[in-house]
Each structure stands twice: as structure tokens, then as C-alpha cells.
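Reviewing the structure listed below.
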Amino acid sequence: MASLSVKPGQRFTLPDWQNNSLLISADAEQQRFNSHHIRQEGRALRNETDNQAKWDEQSSRTHLKDRITNVDKWREALAKCLTDIDLEIDALTKVKEAAENALQAKNLCLDVAIECLTFRESRRDIDVVRDPVEEELLKEVKVIEKTKKELQQRVDDAFRQLCLLKEARQQLSLDHRHKVEALELDRQCMSFNPTSGNISFKVNPTRIPDGTTALHEWEQNSRRNKERAEAEMRASVDLRGAITLTIAQTNNELDAQRIATEFALRKRMRDMEAALSELRWQEKNTLEEIAEMEEEIRQLEEDIRKRTLDLKVAHTRLETRTYRPHTELCRDQAQYGLTDEVQQLEGIIRALQQKRTQSQDALDALYRQLHRIQTDIGYKTNSLQLDNKCMDTRRKLVVPVEKFDPEVDAVNRTRNLPRNSQLEL
């Protein structure tokens, strides 16, 4: 008779078997829950880090743009100041040459006066008297010697002022060249992007290089150089006026009213040029702002178009979900989410449209202001042309060399000085 074979080993009870199955199922559900939670956290982290990286890059790009704009503005100011100081150096050099020519011309006057006195020493007997002619000749010698001393002093002052102007120009030129180099580097930084071929990791890129200056020190240095150059130019303008006045005072007669009138006219023309320069600067900035505002409006319209497409998508989704059958037509989280999305998109579109309207109003105001600026420029240009015509007309005045006053070109800031033959008596 065959016997039943019993497999040796531990026997589990049925409750143990059921508990084991339940435990495995519970562990599986917990692991799936943990995995889902980690995936959601990873997705949120990716979105957050992506947005943060994009925002940081945009912020850095904006800071670079602002810095480039600021440096470029200073570069333009320094370039204009360099042009002005070059013109002033040229003008002062010509005035200095005129003073030297006038000083040289006084030698002939002095030689003539001394020769006349020498001739009169040959008088004899009763004719050797101190008459009014001799007194005037002696007075003429004293006046000429005094005039030569004053002219020599003016020549020395002009030489020293030229040295100061050239020193200020050297500082301006150095600062301008540094700003050009800095602009080139910052624009190169603006061109970098993740696909650029010349990007790489650097050793300690956040270090502070030796010689680094603070922002206020940088601005103070540029302002100091510009203000120094402007101060030297103002001093040079004053000195040129003084030299011209000294040259005019060496002559026997002086038409005070004519000089006062031309001085006032020249001052008015300088003021007009300054006003025109300011208006042209305002016109340039207004045109730049108009271009930026038009670009902003275009971006707003593009965003409105994109958000409108998003709203169409959300509307279509909501409408499509209305065809779900029977009990499937429930207000689930997707329904609430789509509804919130529609409301958010409608609010966003309204805000964008309002901002577009505000931007368009601002653009219209800019165009009106631009028209006003350009009209004013036309008025002032016409006034300056009339003043120039006045200066040209006044050149027709025929005056003796003793009354000659160098005329000023209001545009080139140079003086039409007398030739040597005009300075000779």
C-alpha cells in the first residue's frame, strides 16, 4: 500500500499568506505614491529653476544694456567735449598767434617813434624844446612799451592755458578710449548665449580684480574730467576774449558800442547753439524712446495674440468636455482648472490690452513732443542763421586798423584775425 509523501519544511497559516499579500500590495501603493510625489517635486523644481535661470539671465542682460547705455552716453559726452576742446585749442592757438603778430607789429611802431625822437634830437638852438610833438612821441613810446608788456603777458597766459587744455584733453582722450574698450567688451558679453562657441568655465570668475573701482568713483572720474575740460574751455573762452580786448585796446580808437553789440550777438549765438544742442539731444533721445515704445507695443500685441490663442485652446477644451456622456459629465479638477485658466487668460488679455492702450497713448504723446521739438529746432536754426547773417553784414563795416576787432565764427568758434599787413601802421 502506497504512503503519502509529506514535503518537509515550514508551513504558514492562511492568515499569514493573506497578510503577506496585503503587505506587498500596501508597499507597492506606498512606493508608487512616493514615486509620484518625487516626480511632482522634480517637475516643480525643473519649472522653478528654469524660470529662475531665465529671469536671472534676462536681469543680467538688462543690467548689461543699462550699463552699455550709461557708458555710451558718457562716451558721447566725452566725444563731444573732445571735439569742443579741439576747437577751443585751435581757436586759442589762432588768438595767441594774433597776439604774437600784434606784438611783433608793435616793434615797428616803437622803432618809428624812437627814430622820430632821434631825429628831433638833431634840432639846434632854440628849436630844442619840449613841444607837444615830443610829449606825444614820448607818450607814444610809453604806451607802446606798456602795450608790448600787456601783449607779452597775454601770450604767456595763452601758452599756459594751451598747456592746461592739452592736459585736460589728454585725460579726456584716455577716458574716452577706456570707455570705447569697455563698450566693446560689454557688447561682446551681450552677444554670448548658451550656443556660443567661445564660452567655458573660468577659474574664480566672481573674484574682484585688482584696481576695481566703485560705481560712484567711476562716474565721479568721468564727471571730473569733463568738468575740468569744460572749466578749462570756459577759462580759454574768457582768455580769448581778454586777448582780443587787449589787442583792441592797443589801437588808438575803439568803437565801444560796436564791440558791445558784437559781444552780445556772439553771446546770443553761443546760447542759441547751446539751446540747439540740447534740443537735438532731446530729439535724439525722443526718437530712441519712440523706437523702444513701438517695439514694446509690438511685443504687447504679440503677447495678446499668444494669450488669445491660449484662450481659444482653453475654450475649445471646455466646450469639448461638455460632450462627455452621462455621469462622466462632472465638474472635476480638470473642469475647475480650465475654468480658472479661462478667467486668468481673460484677465491677462484685458491687462495687456489696457497696457497696449496706455503705451499707444504714450507713443502719441512722444510723437507730439517730437513735433514740438523739431518745430522749435527749426525756429532756433532760423534765428541762428539770421544772427550769422548779422555777423556777415557787420563785416562790411569799414574801420581803421586801430579799431579792428577780430570777428568770431559762431559755428567753428574760430576767429578771423587781422593779417600782418593790417597790423602795420
Checklist entry - Using a 1.4 Å probe on the protein chains only, how many percent of the accessible area of the stretch 201-245 belongs to carbon and sulfur? => result 55 percent
Next on the checklist: Modelling each spin label as a point 7 Å along the Cα-to-Cβ direction, I'd like the residue 90/residue 52 distance in nm, to one decimal.
Outcome noted: 5.9 nm
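Assuming R0 = 25 Å, what is the FRET efficiency of residue 114 and residue 245, from their Cβ-Cβ distance, to the nearest 0.05?
0.40
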Checklist entry - Tell me, what is the 1.4 Å probe accessible area of residue 379, in Å² to the nearest 10? => result 150 Å²
Checklist entry - Given a 1.4 Å probe, how much area per residue of the stretch 7-48 is accessible, in Å²? => result 97 Å²
Checklist entry - Quick one: which of 65/226; 80/146; 54/202 span more than 31 angstrom between C-alpha atoms? => result 80/146
Next on the checklist: How far apart, in nanometres, would the label points at residue 332 and residue 234 be if each is projected 7 angstrom from Cα along the Cα-to-Cβ direction?
Outcome noted: 7.8 nm
Checklist outcome for this item: Taking 246, 308 and ranking on accessible area (1.4 Å, protein atoms only), highest first, one gets 308, 246
Item to check | Cβ crowding within 10 Å averaged over residues, with 142-150, 52-60, 10-18 ranked highest first | outcome: 142-150, 52-60, 10-18
Item to check | Hypothetical label at residue 313: residues of the stretch 30-47 whose amide nitrogen lies under 17 Å (7 Å Cα-Cβ projection) | outcome: 47
Item to check | Summed residue charge, Cβ within 13 Å of residue 192's Cβ, Lys/Arg positive, Asp/Glu negative | outcome: +1
Item to check | Accessible surface of residue 250 - all protein chains present, 1.4 Å probe, nearest 10 Å² | outcome: 20 Å²
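The values are calculated or read from the model by the stated rules, or taken from the named source; none is laboratory data. As the structure is a prediction and not an experimental result, all values here were calculated from the model. Cβ sites come from the backbone with ideal geometry, for glycine too, and all protein chains shown count toward neighbours. For accessibility, only protein heavy atoms count, side chains too; no ligands or nucleic acids. Shrake-Rupley method; radii C 1.70, N 1.55, O 1.52, S 1.80 Å.
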